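Asks: A single structure is presented below for examination.
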2 protein chains.
Amino acid sequence: MKRSKKDRQRQLQEKIKEQPFVTDEELADFFGVSVQTIRLDRMELSIPELRERIKHVAEKKLTDEVRSLPIEEVIGDVIDIELDKSAISIFDVKKEHVFKRNGIARGHHLFAQANSLAVAVINDELALTAKANIRFTRSVNEGERVVAKAKVTEIQERKERTTVQVSSYVGQELVFEGDFIMYRSNTSVKDETNENSY
Amino acid sequence: MKRSKKDRQRQLQEKIKEQPFVTDEELADFFGVSVQTIRLDRMELSIPELRERIKHVAEKKLTDEVRSLPIEEVIGDVIDIELDKSAISIFDVKKEHVFKRNGIARGHHLFAQANSLAVAVINDELALTAKANIRFTRSVNEGERVVAKAKVTEIQERKERTTVQVSSYVGQELVFEGDFIMYRSNTSVKDETNENSY
DNA sequence: TCCGATATTAGGACTAGGTACTAATAGTAG
DNA sequence: CTACTATTAGTACCTAGTCCTAATATCGGA
């Protein structure tokens, strides 16, 4: 017996952790013991078989992807709006909005809230973002509530452009700021039934 | 024959894409045909068996993890990446990404693709967007495929800032352009020991 | 040195989820 | 009615195991 049983089992655990896609036969070769011994070791250490290990990794990948991928259609709840003047929305940062690595909200969600609000505040049939200049002034964490305030600062009718300034806060702290230059078609529409198309 | 063979094969491809952890037997039940038929279909469509599919998913997860970057969290599919240099991703615009009123993609999806690519291209433990200057140069419609190309243009180590330029195209047409100023922690992460859990 | 406990190995039966192949049958178009 | 495609059935074989029994090997202590 080159190594003791405990020694081998410790190394086995390490080996599988580092390189989970290894068969019992390969492990038996590696440790110079029989396949049966490897299997007994796995039992004692409660390490599942190769296929189960592969499956766990794959399943984790799928749940990770589902969790992080979708961006909702409308980000934030509009709580106040005065067309072509100002609007306010709130957005609660949940775990699907943050980097799993560090729990910090991903920038595009803050942008999405601001952008959606900039679109919503415009009293026009068609409103699209043309340009934007944005600053992230503080990182936002899971569980925080972001309040975005949009203010229409300029309406150039002949140019089909409207400027909207959006500032987002967590409590009193500014976390995001953006100047949005919006394209608009100049056909007022909000007297229609609101279809909530933003 | 409720559906034609081609019809069934098309649906089969969809089904497996959406839900790759399904056995031939379950598929046979689902489509009301025999297992052999499902197997013939897979052959013709060059779809590998369940275990191979699981293995591919798991392998992809491991290689992604080795890169230690949030590739799984990128909006769109990363098709090429050279850390701290450049990256390319594709994003297919579907109906959930557009305004139902006019079928035009919401700006924040294009932003999200570009922003997440800018984050992914940075070879650092922590990368956050600090500022961005963006232009939407053409509206993108449902069904179109957006290719985003990110290029790292400047790395200021002492200032913990990196500039990334992202240009997104539909075919040859530029649809979005953005300059991203990214914050980074300056702790390169690629040389870490890989601690995969099985 | 022998005895009993622990460790290791061998072998067989069985499993899931297949591949690869042959053969039979069903349905449809010309 | 025949030719052809589509579908189904069945067999042998595969991998990477589980679960079980039985036979050895090795070691530590009296």
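Asks: Can you pull out the residues in segment B:113-128 that are facing chain A (nearest Cβ under 7 Å) and surrounded by 24 or more Cβ atoms within 10 Å (Cβ to Cβ)?
Replies: Within segment B:113-128, the subset facing chain A (nearest Cβ under 7 Å) is B:115-116, B:126, B:128.
Those that are facing chain A (nearest Cβ under 7 Å) and surrounded by 24 or more Cβ atoms within 10 Å (Cβ to Cβ): B:ASN115, B:SER116.
Asks: Could we say that A:ARG42 is more than 8 Å from DNA strand C (Cβ to nearest atom), closer than 24 Å to B:PHE21 by Cα, among the basic types (Lys, Arg) and open to solvent by less than 90 Å² (accessible area, probe 1.4 Å) here?
Replies: no
Asks: Any idea how many residues of segment A:18-27 are in a helix (DSSP H, G or I) and either within 11 Å of DNA strand C (Cβ to nearest atom) or at pLDDT 95 or above (or both)?
Replies: Of the residues in segment A:18-27, 4 are in a helix (DSSP H, G or I) and either within 11 Å of DNA strand C (Cβ to nearest atom) or at pLDDT 95 or above (or both).
Asks: Return yes when B:PHE30 is within 12 Å of DNA strand C (Cβ to nearest atom) and open to solvent by 40 Å² or more (accessible area, probe 1.4 Å) and no when it is not. Can you show your working first?
Replies: On the way: within 12 Å of DNA strand C (Cβ to nearest atom): no; open to solvent by 40 Å² or more (accessible area, probe 1.4 Å): yes.
Against the criterion (within 12 Å of DNA strand C (Cβ to nearest atom) and open to solvent by 40 Å² or more (accessible area, probe 1.4 Å)), B:PHE30 does not qualify.
Asks: I want to confirm something. Restricting to segment A:45-68 and keeping residues that are facing chain B (nearest Cβ under 9 Å) and not in a helix (DSSP H, G or I), which single residue is surrounded by the most Cβ atoms within 10 Å (Cβ to Cβ)?
Replies: The extreme case among them is A:ILE47.
Asks: May I ask you to say which residue of A:VAL22, A:VAL35 is of a type in the set (Val, Ile, Thr), more than 36 Å from the chain's Cα centre (by Cα) and within 11 Å of DNA strand D (Cβ to nearest atom)?
Replies: Criteria check complete, one pass: A:VAL35.
Asks: Just one of the numbered conditions (1) surrounded by fewer than 19 Cβ atoms within 10 Å (Cβ to Cβ); (2) within 14 Å of chain A (Cβ to nearest Cβ); (3) touching a Lys or Arg at 6+ places or on another chain (Cβ under 8 Å) is not true of B:SER86; which one?
Replies: It is condition (2) that B:SER86 fails.
Asks: Scan segment B:139-165 for residues that are open to solvent by 50 Å² or more (accessible area, probe 1.4 Å) and in contact with a Gly (Cβ under 7 Å, 6 or more places away or on another chain) and jot them down.
Replies: Within segment B:139-165, B:ASN141, B:GLU142 meet the criteria.
Asks: Within the set of pairs 6+ apart or on separate chains, which have a first residue in segment B:2-29 that is under 25 Å from B:ALA58 (Cα atoms) and within 14 Å of chain A (Cβ to nearest Cβ), a second that is away from DNA strand C (no atom under 12 Å from the Cβ) and in a loop (DSSP other than H, G, I, E, B), and C-beta atoms under 6 Å apart?
Replies: none
Asks: Please give the number of the condition B:VAL93 fails out of (1) more than 10 Å from chain A (Cβ to nearest Cβ); (2) open to solvent by 40 Å² or more (accessible area, probe 1.4 Å).
Replies: Looking at each condition in turn, B:VAL93 falls short on (2).
So that you can scan it fast, the table gives a plain yes or no per residue for (1) in the same structural domain as A:ALA28 (by TED's automatic domain parsing); (2) more than 21 Å from B:ARG106 (Cα to Cα); (3) over 20 Å from the mean Cα position of the chain (by Cα):
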site	(1), (2), (3)
A:ASP41	yes, yes, yes
A:PRO48	yes, yes, yes
A:LYS55	yes, yes, yes
A:LEU62	yes, yes, no
A:ASP84	no, no, yes
A:ASP92	no, no, no
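The values are calculated or read from the model by the stated rules, or taken from the named source; none is laboratory data. Fair warning: this is a prediction, and the values are worked out from it, not measured in the lab. As a convention, Cβ positions derive from the backbone with ideal geometry for all residues, glycine included, and neighbour counts pool all protein chains shown. For the accessible areas, the whole protein counts, side chains as well, though only heavy atoms, and no ligand, DNA or RNA atoms are used. Shrake-Rupley method; radii C 1.70, N 1.55, O 1.52, S 1.80 Å.
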